[in-house]
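Visitor: Before I ask anything, let me first share the structure, which is written out below as structure tokens.
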Amino acid sequence: MEARIGMRNIKSNIFKGIIVFFAFLITVPLVIILLYIIKQGAGQVNWKFLTGTPAPVGEAGGGIANALVGSFVMVMTASVVAIPVGMAAGVYLSENPRTKLAYYSSLCVDILQGVPSIVVGIVVYFWLVKPLGTFSALSGSIALAIMMLPIVIRSTEQTLKLLPDSLKEAALSLGVPYHRVILKVTIPCGFAGILSGITLSIARVIGETAPLLFTAFGSPFVSAALGKPMESLPHLIFTYATSPYDDWHNLAWGASFILLMFVLTLNIITKVITRKWKIQL
């Protein structure tokens, strides 16, 4: 018996070692990419870089203020569109999982989640850019909002499904109207999961380039007008990295570093929120 237990312990340690090895192995490419971007881009970042506008071709210097403002405006506009719609859809799917509408809506969410971002950009191009006759930040925001929707919907749905039915039943038994139960009990109890999904959806779209190539297009000027073309960090990185100028390559590395810090910060915030307000069942 002792020999069998010893053999099982040996096998357990072997498999545990294999799992730890592969868990470490998958982090190596990420660490290499992070260190390389930090090495190439951190030295380019300064106050002038963050507050200046792009310099003309052939002149040294320049900044990314237009891209920072553009990314902020478009992501916030996309969030205003996607978050309420996504939360409402997620609540419906969690409350009515057996209806035909819920079935087909869930199927559409799964399909939308797998649609390539460049396809979303082409669709929004034909929906908005061609009819309006111009590229605009609004069309870029709509494209980003479409990409945010599946993440917000799924996070809301799965979070609310984790909540015990007794919470809702207790509120209903006290005579609270159904819509107030959803707004005052169900959603606040699932706040951490919903908020983490929202944060992840923002981190997902803030680095998207393909849909913005067909919609917002880019602009060398600092602008907050939704009806005009607008620059974004991913598009600026794409433009500068594919240019033949060394100065623009340096700006692209600096912008990549800023974008990387944004994404890392959002993911860290998501982890902190999830741990601090974790749902207790």
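The values are calculated or read from the model by the stated rules, or taken from the named source; none is laboratory data. Treat the numbers as computed from the prediction; the structure is a model and nothing was measured. Ideal geometry is used to build each Cβ from the backbone, glycine not excepted, and the neighbour counts take in all protein chains shown. Accessible surface is based on the protein model in full, side chains and every heavy atom, while ligands, DNA and RNA are left aside. Shrake-Rupley method; radii C 1.70, N 1.55, O 1.52, S 1.80 Å.
Visitor: Being surrounded by fewer than 15 Cβ atoms within 10 Å (Cβ to Cβ) and within 26 Å of Ala216 (Cα to Cα): is that true of Pro84 here?
Guide: yes
Visitor: Shifting gears a bit: Quick one: which of Ser71, Ser105, Ser139, Ser117 is in contact (Cβ under 8 Å) with a residue 12 or more places away in the chain, of a type in the set (Ser, Thr, Tyr) and over 29 Å from Ala241 (Cβ atoms)?
Guide: Ser105
Visitor: Taking segment 89-102 as the search range and keeping residues that are touching a Leu at 6+ places or on another chain (Cβ under 8 Å) and in contact (Cβ under 8 Å) with a residue 60 or more places away in the chain, which one is nearest to Gly197 (Cα to Cα)?
Guide: In this case the residue turns out to be Gly90.
Visitor: Same structure again: One residue is enough: does segment 22-34 have a residue meeting the conditions touching a residue at least 40 places away in the same chain (Cβ under 8 Å) and within 19 Å of Asn250 (Cβ to Cβ)?
Guide: Yes, segment 22-34 has at least one match.
Visitor: What are the residues in segment 46-71 that are surrounded by fewer than 18 Cβ atoms within 10 Å (Cβ to Cβ) and on the phi > 0 side of the Ramachandran plot, if any?
Guide: Once the filter is applied, which keeps residues that are surrounded by fewer than 18 Cβ atoms within 10 Å (Cβ to Cβ) and on the phi > 0 side of the Ramachandran plot, segment 46-71 yields Gly58, Gly61.
Visitor: What tally of residues in segment 90-130 results from selecting those that are within 30 Å of Gly190 (Cα to Cα) and either assigned to a loop (DSSP other than H, G, I, E, B) or open to solvent by 70 Å² or more (accessible area, probe 1.4 Å) (or both)?
Guide: 16
Visitor: Pairs needed: first member in segment 188-202, over 15 Å from Pro84 (Cβ atoms); second member anywhere, open to solvent by less than 30 Å² (accessible area, probe 1.4 Å) and not in a helix (DSSP H, G or I); C-beta distance under 8 Å; at least 6 residues apart or different chains.
Guide: Every condition considered, the pairs that remain are Cys189/Leu163; Gly190/Leu163.
Visitor: Only residues in segment 42-61 that are closer than 13 Å to Asn250 by Cα count as the first member; pair them with residues that are of a type in the set (Val, Ile, Thr), Cβ under 9 angstrom, at least 6 apart or cross-chain, and list the lot.
Guide: Hits for this filter: Val45/Ile258; Phe49/Ile64; Phe49/Ile258; Pro54/Ile64.
Visitor: Those residues that are of a type in the set (A, V, I, L, M) and either over 17 Å from Ala224 (Cβ atoms) or not in a helix (DSSP H, G or I) (or both), I need them from segment 56-89; list them, please.
Guide: Selection gives Val57, Ala60, Ile64, Ala82, Ile83, Val85, Met87, Ala88, Ala89.
Visitor: On to the next question. Identify all residues within segment 131-143 that are more than 24 Å from Val205 (Cα to Cα) and not in a helix (DSSP H, G or I); write none if there are none.
Guide: Matches in segment 131-143: Gly133 only.
Visitor: Mind checking which helices (runs of 4 or more DSSP H) fall wholly inside segment 144-243 and carry at least 1 residues that are crowded, with 16+ Cβ neighbours inside 10 Å and outside the structural domain of Lys271 (by TED's automatic domain parsing)?
Guide: none
Visitor: It is to be established whether one or more residues within segment 161-184 are basic (Lys, Arg) and within 29 Å of Ile268 (Cβ to Cβ).
Guide: Within segment 161-184, one or more residues are basic (Lys, Arg) and within 29 Å of Ile268 (Cβ to Cβ).
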